[in-house]
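**Student:** Pasting a structure here, questions to come.
The values are calculated or read from the model by the stated rules, or taken from the named source; none is laboratory data. Keep in mind the model is a prediction, meaning the values are calculated, not measured. Every residue, glycine as well, gets a Cβ built from its backbone with ideal geometry; the counts of neighbours run over all protein chains shown.
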Amino acid sequence: MASAEITSNLKLITSGTIPTTSNLANGELAFGLVGGVAKLYGNVNGAITDFSNFLRTATIYTATLSSASWTGSSSPYSKSITISGILLTDQPDIDLDLSSVDYADVAAMRTNWAKVYRAVTSANAITFYASEVLSADINLQIKVVR
């Protein structure tokens with residue numbers, strides 16, 4: 001019976017607009033496209049609440065930040081790498097991928113990564129800025145939540 005109750009409380013947004021309390025009763029949910037984006041709203045005690053963050057997904061990219069071909073003759077140095085699918089508007093979590101690094105080399109990789117102080121996304125690329133040119137290539141894991 002629970003699934004029948006949930007189904008009867010779920011409406012489809014066909015207008016492309018955010019529902020109001022006049023067309024979404026207390027306890028009801030509405031799902032659909034609003035402004036071309038999948039959205040989930042609910043009427044909670046007479047207030048329309050956006051539950052769309054629950055619809056977000058994470059994409060994990062991997063990349064190698066090479067120690068070669070950095071731009072600049074002094075600090076700050078910069079280097080762009082291609083990340084197919086990343087967007088200008090993304091705010092990724094970027095960290096070392098130490099899964100293939102021997103334990104004896106972990107401290108050196110972390111020290112090397114500490115030279116990088118900024119990362120800026122653009123369409124299909126990230127530009128990294130560093131206080132020093134990296135002394136070795138480092139593998140990265142890049143998590144984007146949209």
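**Student:** In the list 71, 127, 121, 59, which residue meets the criterion of being within 30 Å of residue 16 (Cβ to Cβ) and either touching a Lys or Arg at 6+ places or on another chain (Cβ under 9 Å) or assigned by TED's automatic domain parsing to the domain that holds residue 13 (or both)? Even if it seems obvious, please write down each step before you answer.
**Tutor:** Working: 71 fails: within 30 Å of residue 16 (Cβ to Cβ); 127 fails: within 30 Å of residue 16 (Cβ to Cβ); 121 fails: either touching a Lys or Arg at 6+ places or on another chain (Cβ under 9 Å) or assigned by TED's automatic domain parsing to the domain that holds residue 13 (or both).
So the residue among 71, 127, 121, 59 that is within 30 Å of residue 16 (Cβ to Cβ) and either touching a Lys or Arg at 6+ places or on another chain (Cβ under 9 Å) or assigned by TED's automatic domain parsing to the domain that holds residue 13 (or both) is 59.
**Student:** Hey, another quick one. Kindly list, by first and then second residue, each pair from a residue in the stretch 92-114 that is assigned by TED's automatic domain parsing to the domain that holds residue 64 to a residue that is part of a helix (DSSP H, G or I) and acidic (Asp, Glu), limited to pairs with Cβ atoms under 9 Å and residues at least 6 apart or on different chains.
**Tutor:** From the stretch 92-114, the pairs are 98/105.
**Student:** For residue 41, are the conditions met, namely being surrounded by 12 or more Cβ atoms within 10 Å (Cβ to Cβ) and closer than 30 Å to residue 108 by Cα?
**Tutor:** Answer is no for this residue.
**Student:** Can you name the residue in the stretch 123-146 that is surrounded by fewer than 14 Cβ atoms within 10 Å (Cβ to Cβ) and small (Gly, Ala, Ser) and, of all such residues, is farthest from residue 66 (Cα to Cα)?
**Tutor:** So, considering only residues that are surrounded by fewer than 14 Cβ atoms within 10 Å (Cβ to Cβ) and small (Gly, Ala, Ser), the one farthest from residue 66 (Cα to Cα) is 123.
Conditions (1) of a type in the set (D, E, K, R); (2) closer than 30 Å to residue 41 by Cβ, marked per residue:
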site: 56; (1), (2): yes, yes
site: 60; (1), (2): no, yes
site: 73; (1), (2): no, no
site: 85; (1), (2): no, yes
site: 99; (1), (2): no, no
site: 119; (1), (2): no, no
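**Student:** Go through the stretch 97-106 and give me each residue that's surrounded by 12 or more Cβ atoms within 10 Å (Cβ to Cβ) and either touching a helix residue (DSSP H, G or I) at 6+ places or on another chain (Cβ under 9 Å) or hydroxyl-bearing (Ser, Thr, Tyr) (or both).
**Tutor:** If the condition is that a residue be surrounded by 12 or more Cβ atoms within 10 Å (Cβ to Cβ) and either touching a helix residue (DSSP H, G or I) at 6+ places or on another chain (Cβ under 9 Å) or hydroxyl-bearing (Ser, Thr, Tyr) (or both), then 98, 101 are the ones that fit.
**Student:** Tell me which of these residue 79 doesn't satisfy, since it passes every other one: (1) on the phi > 0 side of the Ramachandran plot; (2) of a type outside the set (A, V, I, L, M); (3) at pLDDT 95 or above.
**Tutor:** With (1) on the phi > 0 side of the Ramachandran plot; (2) of a type outside the set (A, V, I, L, M); (3) at pLDDT 95 or above applied to residue 79, the lone miss is (1).
**Student:** What are the residues in the stretch 14-26 that are farther than 13 Å from residue 51 by Cβ and in contact (Cβ under 8 Å) with a residue 24 or more places away in the chain, if any?
**Tutor:** Within the stretch 14-26, the first condition is being farther than 13 Å from residue 51 by Cβ, and the residues that meet it are 14-17, 20-23, 25-26.
Result: 20, 21.
**Student:** Does the stretch 18-34 include one or more residues that are of a type in the set (Ser, Thr, Tyr), within 15 Å of residue 138 (Cβ to Cβ) and assigned to a loop (DSSP other than H, G, I, E, B)?
**Tutor:** Step one: of the stretch 18-34, the residues of a type in the set (Ser, Thr, Tyr) are 20-22.
Now narrow it down to the ones that are within 15 Å of residue 138 (Cβ to Cβ): none.
Checking the stretch 18-34: not a single residue is of a type in the set (Ser, Thr, Tyr), within 15 Å of residue 138 (Cβ to Cβ) and assigned to a loop (DSSP other than H, G, I, E, B).
**Student:** Determine if the stretch 107-120 includes at least one residue that is surrounded by 14 or more Cβ atoms within 10 Å (Cβ to Cβ), under 21 Å from residue 56 (Cβ atoms) and of a type in the set (Val, Ile, Thr).
**Tutor:** Among the residues of the stretch 107-120, not one is surrounded by 14 or more Cβ atoms within 10 Å (Cβ to Cβ), under 21 Å from residue 56 (Cβ atoms) and of a type in the set (Val, Ile, Thr), which makes the answer no.
**Student:** Working only within the stretch 5-52, note down all residues that are out of contact with any strand residue (DSSP E or B) (no Cβ under 9 Å at 6 or more places or on another chain) and under 16 Å from residue 146 (Cα atoms). Step through it out loud before you land on a result.
**Tutor:** Step one: list which residues in the stretch 5-52 are out of contact with any strand residue (DSSP E or B) (no Cβ under 9 Å at 6 or more places or on another chain), which gives 5, 7-8, 22, 35-37, 44-47.
Across the stretch 5-52, the qualifying residues are 35, 36, 37.
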